[in-house]
Structure formats: C-alpha cells, structure tokens
1. Among residues belonging to the stretch 325-341 that are surrounded by fewer than 19 Cβ atoms within 10 Å (Cβ to Cβ) and either at pLDDT 95 or above or touching a strand residue (DSSP E or B) at 6+ places or on another chain (Cβ under 6 Å) (or both), point out the one that is farthest from residue 287 (Cα to Cα).
2. Restricting to the stretch 124-143, and then to whatever is within 30 Å of residue 339 (Cα to Cα) and in contact (Cβ under 8 Å) with a residue 40 or more places away in the chain, can you tell me which residue is surrounded by the fewest Cβ atoms within 10 Å (Cβ to Cβ)?
3. Being more than 17 Å from residue 399 (Cα to Cα), assigned to a helix (DSSP H, G or I) and out of contact with any helix residue (DSSP H, G or I) (no Cβ under 7 Å at 6 or more places or on another chain), is that true of even one residue in the stretch 22-32?
4. Considering the stretch 283-313 alone, what residues qualify as being closer than 17 Å to residue 358 by Cα, part of a helix (DSSP H, G or I) and more than 20 Å from the chain's Cα centre (by Cα)?
5. Which ones in the stretch 44-54 are surrounded by fewer than 17 Cβ atoms within 10 Å (Cβ to Cβ) and in contact with a helix residue (DSSP H, G or I) (Cβ under 8 Å, 6 or more places away or on another chain)?
6. Would you tally the residues in the stretch 180-192 being out of contact with any helix residue (DSSP H, G or I) (no Cβ under 8 Å at 6 or more places or on another chain) and touching a residue at least 12 places away in the same chain (Cβ under 8 Å)?
7. Return yes when residue 43 is over 26 Å from residue 80 (Cβ atoms) and either touching a strand residue (DSSP E or B) at 6+ places or on another chain (Cβ under 8 Å) or modelled with pLDDT under 95 (or both) and no when it is not.
C-alpha cells in the first residue's frame, strides 16, 4: 500500500508515541521493581509494630511478580497493537469480512464483533496466567477453571447484548449525519447513566451473589452511621468475593435509588465491626464530597471530547492509511471505531499522573470525612489490616505512585489519619 506524505507522517507519529509510551511504562515498572526490592527486608519504622517481616516480604515479592508480568504484558500489547495497525491485521480482517458479508451495517457490526472477540482471545492467556499462576502462587486465587470459563463466556455474551445495539446505532449515525459524533455522544451518555442504575441491580448479580447485610453489630453500626451522615441508601450488601479471590474490598455503586454499598465477605471476616464502620464511612465520604458526581461529569466531558476528535479523524484519509488500513476499503465506519479504540489508550500513560493525583486527593478527602464521622484509629487499623492481607507494598516508588496509584500509599494515608485518632463523631 503506497502512502501519501501525510499518511507517512502520521505513521511516524504513531510509532513514536507507541515507543515513548511503552518505554515510559517499562521505566516506571523498573523503578518500582528496584525500589520495592531494595526495601524488601526492612519494614518501615512507622509499621514495625503492626506489620511483621514475613508479611512485608510477601507484599514485596507479590508486587515484584506483578510488575514482571506487567512488563511482559506491556511488550506483548505493543506487539499486538503494531500487528493490528501497521502490520495490516485489521486490513486483513476487514477484507475477509467484506468478501463474505459485504459493506452493510450488519457486516460492519460483525467486524466490530470479530475484532472484540479476537482481542479477548489474544489477552486470555494473560488472564489465565494471572489468575491461576500469579494469584494462586501467593494464595489469593479461589476461582476454579469452570468458574473462570463461565465468567469469560458470560462476559462475552453480556458485552454482545449490551454493546451491539449501541454500536449499530453509531454505525448508522456515521452514515446518516455529519454531526454523528454529537448524537453518538448523547447516546453514549444516556447508556452510561442507564448502566449506573442497571449494573448493580441486574448485571452484577449475574456474576456474584449479593445478600443484605445480616443483623448484628455491623449492621447496627452501619445504620447509625447512615443516620449521622444523613445518607439515604437503597441497601447494604455483602458480595461473595471469596468465590474468586482472597482479596478484600468495599465499594460504592449505583445512581439514585439504585445506589448501594457493597462489602466483600472477605472484608467482614478480616475486620472488626468498628473497623467496618470506618470503611463504610469512607465510602459514604466519596458520595458526600461529590466524588461520584465529579467523576461522572468528567467521564461525560472526556467522552464528548473523544467523540469530537473521532468525528474529525474519521473524515481524514491519512488517519486510516497511517494506521495500516486502506482508506478506500469497505467497512470504513467500523474501522474508524476500531482504530480509535486502539490508538487512544496510548495517551493514557501521559495523562495518568493527573487522573491518579485527582483520585488520590479524593481518597484523602474520603478518609477525612470518615475520621470526622467515625473513629479515625479504627480506619487506620482497617487500612493496615487490608494492606497486610492484600499484600500491598508499603514501599512503592514515588514516581510509580505519581503515575499509577489511584489510592495514596499507606504511609501518607496513615500519617494524615493518626493526628485525627479519637476525633470520631
């Protein structure tokens, strides 16, 4: 395929961006490896009384193993991206699809589905290695091959059911209107809002069992906390996270009447009632400090920018040709969606310091809210227990934190909580 100068220029820019992003990811991973390894045998003084050396070494070894796998995965992902784009993989797939199905909306929808399926299959070995290799090696995996396979199949079927109508609408809009990107964004925004209501009540139960928090001290404390905070909640639920993993967590989900707080059953087993109350206060703090709303607005705003950029790129021949696709070929609309989804993540590593820093600030604010509405010491103790039981390193590299940590490192979080000990409601 002969390329025009503008297409060659875009190919060079894409290759340079891929090289820079991959190099930056590897550099950060190497920093994390060296930093964690150099502190493996010495527990930080602030944690010496509560974290023993064996748990600290396990966290270091777990972090190092994850980083090594992550580095290999990054290189693999870069190779796959090159194969899909400059290597002509998408061009070949689109040509084979068009020879069988033509260029109608159904054929283009099929191309999107074929690409999604192949992308999932290409990443499947890494998911298997992480679940049954790394996670099992460190004692965290509880999933069985049958459960893992069922999750994969349900995920693919659910993705097809939910995304096919939206994708078909986008493809039709791309042919019907020059402002398709605006109408597409509106459809995306509506879909996102509906999913925030539908996911906790209909979709999540397809993968996990959710039961109301049972009667007892934990529920009593939780109800009193909600009254103190003036927080109306649809429900407090316990999720059977132990079916798949020994990791413990809690999260806030839903919108409007569908909002709920979910506790992993592993969390209930690991923490005392007062500590669980503090963790719940932290989750409520995210809502009370308007973090959920801010993240939703940011997501919709970035979505609008993304659709506008895609709308502009989809009309440029050099965008297709520069990424290894014949701009005069059939399935142009589907190709634009696929190519954009392949290229856009390259920007993620460059903006991650801003998004991660914003997220860490939210975590600090939620901690402060929890400290003022529950017991700060209990929250600090809960965090320590979760760091230990989840084998989270206490000594991350500062630069790695800046780029990747959505939660503040343990030392920073506890330093802010300790002065607030005893300042509960």
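The values are calculated or read from the model by the stated rules, or taken from the named source; none is laboratory data. Quick caveat: nothing in here was measured; it's all calculated off a predicted structure. Ideal geometry is used to build each Cβ from the backbone, glycine not excepted, and the neighbour counts take in all protein chains shown.
1. Step one: list which residues in the stretch 325-341 are surrounded by fewer than 19 Cβ atoms within 10 Å (Cβ to Cβ), which gives 326-329, 340-341.
After this cut, where a residue has to be either at pLDDT 95 or above or touching a strand residue (DSSP E or B) at 6+ places or on another chain (Cβ under 6 Å) (or both) as well, the list is 340-341.
On the way: 340: 33, 341: 31 Å.
Here the residue is 340.
2. Looking only at the stretch 124-143, we keep the residues that are within 30 Å of residue 339 (Cα to Cα), and these are 124-131.
When the remaining residues are screened for being in contact (Cβ under 8 Å) with a residue 40 or more places away in the chain, the result is 126, 129-130.
Numbers: 126: 16, 129: 14, 130: 17.
The residue in question is 129.
3. Initial filter on the stretch 22-32 (more than 17 Å from residue 399 (Cα to Cα)): none.
The answer is no; no qualifying residue exists.
4. The first filter runs over the stretch 283-313 and keeps only residues closer than 17 Å to residue 358 by Cα, leaving 283, 285-302.
Applying the additional criterion that residues be part of a helix (DSSP H, G or I) yields 283, 285-288, 291-302.
Of everything in the stretch 283-313, those that are closer than 17 Å to residue 358 by Cα, part of a helix (DSSP H, G or I) and more than 20 Å from the chain's Cα centre (by Cα) turn out to be 285, 288.
5. Start the filter on the stretch 44-54 by keeping residues that are surrounded by fewer than 17 Cβ atoms within 10 Å (Cβ to Cβ), which leaves 44-46, 48-50, 52-54.
Selection gives 44, 46, 50.
6. Step one: list which residues in the stretch 180-192 are out of contact with any helix residue (DSSP H, G or I) (no Cβ under 8 Å at 6 or more places or on another chain), which gives 186, 190.
Right, trim to touching a residue at least 12 places away in the same chain (Cβ under 8 Å) and you get none.
Residues meeting the conditions: 0.
7. Here the answer is yes, as residue 43 does meet what is asked.
Yes/no matrix, rows are residues, columns are (1) modelled with pLDDT under 90; (2) at negative phi; (3) crowded, with 18+ Cβ neighbours inside 10 Å:
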position	(1), (2), (3)
366	no, yes, yes
370	no, yes, yes
377	no, yes, yes
409	no, yes, yes
415	yes, yes, no
420	yes, yes, yes
